[in-house]
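What follows is a set of notes on a single structure, which appears directly below.
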Amino acid sequence: MLDFTQARIGNGLAVSLRPADLHQVAARTIEELWLAYPSRTILHDALGSGECTLDRDRLSQVICNLVSNAVSYGHTTEPILVRSEVHGAIAQLNVHNEGRAIPNELLTKIFEPMVRGAPGSTSVRSVGLGLFIVREIARAHRGEMNVESSDTDGTTFSMRFPSSLV
């Protein structure tokens, strides 16, 4: 709730941007997620050098939130793929899962607060702040969040941000 309040009153989220290896942050976070979701397959694909400027804790928070959503809304038998990439001036983090597409009417507002992915669902407990906070973390990294979703290609959430402060 503190993150939500800080973002909503215009101060944005606090980040501590420092040189780090995006691939190492992703790998460590995924190792923790294996413990949380032992029945799920979570894969990591690392592309490029990995060197960039980021807030390790906040990037871990992004990965945890997106993987948790993939566990909740994706096919239980299909792997979840986390891809970390650094190519030149751009760093990118993708989380992909197979499953039913996010409805088009929800795609337009999915990063807004209090929006839930499964209206009326009793199996997914959420107040609808996770993706809002993910978007605010991307913005604090001077980046952006995007989502693409279809029944044939699954769902991919992507965070793109500058790889350095310069």
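Where a number appears in this text, it was derived from the coordinates with a stated rule and is not lab data. This is a predicted model, so every value here is computed, not measured. Here Cβ is always computed from backbone atoms with ideal geometry, including for glycine, and neighbour counts include all displayed protein chains.
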Task: Distance in nm between pseudo-label sites at I90 and D57 (7 Å out along the Cβ direction from Cα) - done: 3.0 nm
Task: Proximal charge balance of E78 [Cβ under 10 Å; K/R count +1, D/E count -1] - done: 0
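In nm, what is the difference between 0.36 nm times the number of residues separating E31 and H44 and their Cα-Cα distance?
On the way: separation 13, 0.36 × 13 = 4.68 nm, distance 1.00 nm.
Extending this stretch completely gives an extra 3.7 nm.
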